[in-house]
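Enquirer: Pasting a structure here, questions to come.
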Amino acid sequence: MGAAWSASHDRQEFADRLQAILDALEISELALDARLYLQKIIRHCDLARSINPKLALKGEEKITVLLRAVFESANGAAALTLPILDAVSTCLRPVWVSRGLGLLEALDQVDLVGLHSTLAELGLADQVGRVLYAKIEAILGPPTVAPAAKPAKVKAIPKPARSITRIPEVERNMSLGVELIAVRATINGNVAFGRAVRARFDIDAKFASQCARVARRYAGRFEIFSKLSWNALVNLSAPSLSAAARHRLEKSIIAGERVGARDIRRARGRLPTGRPRESAPIMQAAA
């Protein structure tokens with residue numbers, strides 16, 4: 001699976017985008033494993049932004065912050081290694097990043113190369129990120145926004161409508177579907193793909209099928225998926241629903257009419273006897 005998955009980011013387009021950042025920061029040398037790691041971050045950001053550009057950083061922005069945090073601190077180019085970049089990446093919390101020079105000054109106080117070397121000698125190389133996080137927290141404080149002053153008691157604000165609070169859940173599932181489609185494009189064979197899904201995402205075949213199918217139809221259509229529950233989207237994207245019925249329902253949704261899973265099932269009509277189980281078409285849905 002590792003080789004197949006790496007193919008999604010080990011491409012010239014990602015190498016060129018990374019090189020443009022390295023040139024701008026005047027970083028002349030970077031090991032291949034570190035380059036591939038950074039290219040993977042760019043790839044993942046692209047996938048997230050394909051779902052919601054407003055909620056995800058551009059890959060170039062995230063990479064630039066990471067490289068500057070290491071390269072422009074006292075640690076310099078010697079710390080631009082895969083283990084250290086990975087560790088620093090886990091510590092780039094928004095509150096700390098917003099401190100700007102404060103974060104660089106905190107990293108100035110940590111010998112990143114020495115920290116990694118010491119932990120590696122103790123057999124704790126995988127703990128660099130956790131130890132570094134504790135050191136930065138000791139310098140900058142917890143990466144949380146200070147609570148606002150307690151407001152005067154006012155009339156309770158009504159809970160947001162379920163139509164609003166369910167959007168993050170739908171977007172998470174949609175993002176997973178986009179990633180499943182991307183993984184499927186790199187793997188030949190249903191058996192190999194099924195193993196990759198179970199190993200990487202730890203989800204069952206039915207849910208994977210639903211995510212891929214919904215993402216294929218509606219990942220770029222906020223005017224549709226923002227107005228429906230996940231259950232309704234699963235029903236709306238089902239192959240048992242005719243194209244004509246789906247089109248009518250989509251027009252109603254865009255027009256602002258209230259459409260739920262029950263309405264979609266009613267529009268679909270009674271299923272014929274012997275309908276295949278929904279988990280069966282996972283490979284086709286992701287293909």
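The values are calculated or read from the model by the stated rules, or taken from the named source; none is laboratory data. Keep in mind it's a predicted model, so treat the numbers as computed, not measured. Quick reminder, even Gly has a Cβ in these numbers, built from the backbone with ideal geometry, and neighbours come from all protein chains shown. With ligands, DNA and RNA removed, areas are computed over all heavy atoms of the protein, side chains included. Shrake-Rupley method; radii C 1.70, N 1.55, O 1.52, S 1.80 Å.
Enquirer: Keeping the other protein chains in place, figure out the carbon and sulfur percent of the accessible area of region 178-252, with a 1.4 Å probe.
Expert: Roughly 51 percent, rounded to a whole number.
Enquirer: Now for a different question. For A120 and E29, FRET efficiency with R0 = 30 Å and r from the beta-carbon atoms, rounded to 0.05?
Expert: On the way: r = 21 Å, r/R0 = 0.71.
Computed FRET efficiency for E29 and A120: 0.90.
Enquirer: Per-residue HN-Hα couplings for region 107-123, Karplus 6.51 cos²θ - 1.76 cosθ + 1.60 at θ = phi - 60°, whole Hz, x for Gly and Pro?
Expert: The phi angles translate into 6, 4, 8, 10, 7, 5, 5, x, 4, 5, 4, 5, 5, 5, 5, 8, x Hz.
Enquirer: Provide the solvent-accessible area of L36, counting protein heavy atoms only and rolling a 1.4 Å probe, rounded to the nearest 10 Å².
Expert: Probe radius 1.4 Å; accessible area of L36 about 50 Å².
Enquirer: Let me ask another. What size of dipole, in debye to the nearest 20, comes out for region 220-273 about its Cα centre when the only charges are +1 on Lys and Arg C-beta atoms and -1 on Asp and Glu C-beta atoms? Let's see the in-between values first.
Expert: Numbers: 11 positive and 4 negative charges, 40 e Å.
Magnitude of the dipole: close to 200 debye.
Enquirer: What is the extension gain from E169 to A199, computed as 0.36 nm multiplied by their sequence separation minus the C-alpha to C-alpha distance, in nm to one decimal?
Expert: On the way: separation 30, 0.36 × 30 = 10.80 nm, distance 2.22 nm.
Stretched fully, the E169-A199 segment lengthens by 8.6 nm.
Enquirer: Treating only the Cβ of Lys, Arg, Asp and Glu as charged (+1, +1, -1, -1), what charge dipole size does region 163-229 show about its Cα centre? Round to the nearest 20 debye. Mind showing how you got there, number by number?
Expert: Details: 12 positive and 6 negative charges, 39 e Å.
So the magnitude is around 180 debye.
Enquirer: Also: Would you mind calculating the gained length between H247 and E223 on full extension (0.36 nm times residue separation, minus the Cα-Cα distance), in nm to one decimal?
Expert: Values: separation 24, 0.36 × 24 = 8.64 nm, distance 1.38 nm.
That pair, H247 and E223, stretches by 7.3 nm at full extension.
Enquirer: Hey, another quick one. Order the following by accessible area, largest value first: E121, E223, E105. Probe radius 1.4 Å; ligands, DNA and RNA are ignored.
Expert: Working: E121 150, E223 70, E105 105 Å².
Solvent-accessible surface, decreasing: E121, E105, E223.
Enquirer: Below 12 angstrom from the Cβ of P83, what's the summed charge of the other residues (Lys, Arg +1; Asp, Glu -1)?
Expert: Numbers: positive: none; negative: D33, D86, D126.
Counting the neighbours of P83, the net charge comes to -3.
Enquirer: Under a plain spin-label model, where a point goes 7 Å from the Cα along Cα-to-Cβ, how far apart in nm are E105 and N231?
Expert: 5.4
Enquirer: Please work out how much length the chain gains when fully extended from L82 to I254, using 0.36 nm per residue of separation minus the C-alpha to C-alpha distance, in nm with one decimal. Working shown, then result.
Expert: Details: separation 172, 0.36 × 172 = 61.92 nm, distance 4.66 nm.
Taking L82 through I254 to full extension adds about 57.3 nm, to one decimal.
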